[in-house]
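Colleague: Below you will find the structure I want to go over with you.
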């Protein structure tokens, strides 16, 4: 049984330019994601990946189709990690996590998440004193803290240098293994996607459709092996050459 069922017949919006043309962003998109499955969405810039995440999150309801999360889409808890960490500058690290709770924040849970993401020592620091990689880790904690039914991640490691991205990715992966969630993760980096995902979903230019849905069969214990990742990438591109044009 899918934890997320997505069926979008049409998503069209006006261009906003002087000619005010209509732009079809998504057409006939069908996607199911299993419970606690980690799925990566890959496709060319501007193909509609962020638009799709916003629709799933309920931030954009102007489309034809339906999206079901669990048994009750209307009451589903959704964690969203944006490209920009979106931390409140007047709050400390800990306060930026606590702000997502309507009632008393669960101190023990926040302590554990801070420790898991190696941020315990900076929990009373303000965001401006943090590196971008540390800010992104805070944003990830904030999304995990509410124990969401689904976790949406929109290129959360963009703009990080390779070592920082690798560190945050490894911490995210460790956290996800300890606290499994259903994840939809947008990436522009095929190696990154292979290292993280159960499945890779390749998307076309607008109007966005699914071109390929490919399982990643590398054992989880080997996902830090760069040779394994590269071998899978090369095999994937040789078997599906059209993917090159989507990255």
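Colleague: When the residues of segment 184-205 are filtered to those that are within 13 Å of residue 218 (Cα to Cα) and assigned to a loop (DSSP other than H, G, I, E, B), which remaining residue is farthest from the chain's Cα centre (by Cα)?
Modeller: The extreme case among them is 198.
Colleague: Name, by its number, the condition in (1) crowded, with 20+ Cβ neighbours inside 10 Å; (2) farther than 26 Å from residue 245 by Cα that does not hold for residue 181.
Modeller: Going through the list (1) crowded, with 20+ Cβ neighbours inside 10 Å; (2) farther than 26 Å from residue 245 by Cα, residue 181 breaks only (1).
Colleague: When you scan segment 74-88, do you find a residue that is assigned to a helix (DSSP H, G or I) and either out of contact with any strand residue (DSSP E or B) (no Cβ under 6 Å at 6 or more places or on another chain) or modelled with pLDDT of 95 or more (or both), even just one?
Modeller: Within segment 74-88, one or more residues are assigned to a helix (DSSP H, G or I) and either out of contact with any strand residue (DSSP E or B) (no Cβ under 6 Å at 6 or more places or on another chain) or modelled with pLDDT of 95 or more (or both).
Colleague: OK, next. For segment 154-180, what are the residues that are under 15 Å from the mean Cα position of the chain (by Cα), more than 21 Å from residue 86 (Cβ to Cβ) and not in a helix (DSSP H, G or I)?
Modeller: Answer for segment 154-180, where residues must be under 15 Å from the mean Cα position of the chain (by Cα), more than 21 Å from residue 86 (Cβ to Cβ) and not in a helix (DSSP H, G or I): just 180.
Colleague: Quick one: what pairs do we get from segment 235-247, first residue farther than 14 Å from residue 203 by Cα, second surrounded by 10 or more Cβ atoms within 10 Å (Cβ to Cβ) and at pLDDT 85 or above, C-beta under 8 Å, 6+ apart or different chains?
Modeller: Note: pairs meeting the criteria are 236/190; 236/194; 236/200; 236/214; 236/243; 237/243.
Colleague: Which of the residues spanning segment 211-247 are assigned to a strand (DSSP E or B) and either in contact with a helix residue (DSSP H, G or I) (Cβ under 7 Å, 6 or more places away or on another chain) or at pLDDT below 95 (or both)?
Modeller: Residues satisfying the conditions are 211, 212, 214.
The values are calculated or read from the model by the stated rules, or taken from the named source; none is laboratory data. Predicted model only: the values in this text are computed from it and were never measured. Neighbour counts are summed over all protein chains in view; Cβ atoms, including those assigned to glycine, are modelled from backbone coordinates with ideal geometry.
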